[in-house]
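Colleague: If you scroll down you'll find the structure; I have some questions about it.
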Amino acid sequence: MRPVPGPARCREFRGPGPPPPAPQGWQTPYAAHPFRVCLIVRHVFGIDDPEVLTAALLHDTIEHTTTDYDDLSERFGIRVAGWVGALSKDMRLPDEGRERAYMATLAAAEPTVKVVKLADIFDNLTDSRHLSTESRMRTAARSRRYLAAVETNLPAIARRPMELVRQLLAEFAEPDDPGA
């Protein structure tokens, strides 16, 4: 099968198995998350490349479904599949090792991966506003760790998105922080 470019075809491709449930405590269904990430890349970050938008829509597919790299490569091409692979944690590893490997991948990632990860962080922060203070602080701490990795060799195309995510993250200051 010839790869199909463009985000419009993603809605026809969900991969095998049911969509993952929303994380506990989240109000919006998980299925909305990839679409919001794509919209953030396009309308907040101003990037309209069809392959980048496709990667944004599919960014959690390998990690949260039974879809694998080969499925995505066949349908969307090796570039998009590679970006999605870089945005996916290796669930075969124990949690601590998985996070270390993921952070190393983000630090060395191509510009597209960094932009999509920034949109993912932006959406996760935005969607966590209704959570308890403790849950919001965990989301903010995890976001800061990912930002530190993404910031390594930050390409020009990701500088403005990084600035926007940092502005949003500033709203998540510790409650007892005098600057909050």
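The values are calculated or read from the model by the stated rules, or taken from the named source; none is laboratory data. None of these values were measured; they are calculated from a predicted model. With ideal geometry, Cβ positions are generated from the backbone for all residues, glycine too; neighbour counts draw on all protein chains shown.
Colleague: With the condition kept exactly as written, say whether any residue in region 111-126 is aliphatic (A, V, I, L, M) and not in a helix (DSSP H, G or I). I'd like the intermediate steps shown before the answer.
Modeller: In the first step, residues of region 111-126 are kept if they are aliphatic (A, V, I, L, M); the result is 113, 115-116, 118-119, 121, 125.
Checking which are not in a helix (DSSP H, G or I) leaves us with none.
No, every residue in region 111-126 fails to be aliphatic (A, V, I, L, M) and not in a helix (DSSP H, G or I).
Colleague: Let me ask you something else. Could you go through region 146-159 and let me know if any residue there is under 16 Å from the mean Cα position of the chain (by Cα) and of a type in the set (S, T, N, Q).
Modeller: Within region 146-159, not a single residue is under 16 Å from the mean Cα position of the chain (by Cα) and of a type in the set (S, T, N, Q).
Colleague: From the list Gly46, Gly6, Gly25, Gly17, which one is over 16 Å from the mean Cα position of the chain (by Cα) and modelled with pLDDT of 95 or more?
Modeller: Only one candidate qualifies: Gly46.
Colleague: Among the candidates Ser88, Ser73, single out the residue that is part of a loop (DSSP other than H, G, I, E, B), within 28 Å of Ala156 (Cα to Cα) and either touching a residue at least 12 places away in the same chain (Cβ under 8 Å) or in contact with a helix residue (DSSP H, G or I) (Cβ under 7 Å, 6 or more places away or on another chain) (or both).
Modeller: On inspection, the qualifying residue turns out to be Ser88.
Colleague: Tell me whether region 145-162 contains one or more residues that are more than 21 Å from Tyr30 (Cβ to Cβ), of a type in the set (Asp, Glu) and exposed (fewer than 13 other Cβ atoms within 10 Å of the Cβ).
Modeller: Within region 145-162, the first condition is being more than 21 Å from Tyr30 (Cβ to Cβ), and the residues that meet it are 145, 147-162.
Narrowing the set further to residues that are of a type in the set (Asp, Glu) leaves 151.
With exposed (fewer than 13 other Cβ atoms within 10 Å of the Cβ) added as a condition, the list becomes none.
Checked against the condition, which is being more than 21 Å from Tyr30 (Cβ to Cβ), of a type in the set (Asp, Glu) and exposed (fewer than 13 other Cβ atoms within 10 Å of the Cβ), region 145-162 yields no hits at all.
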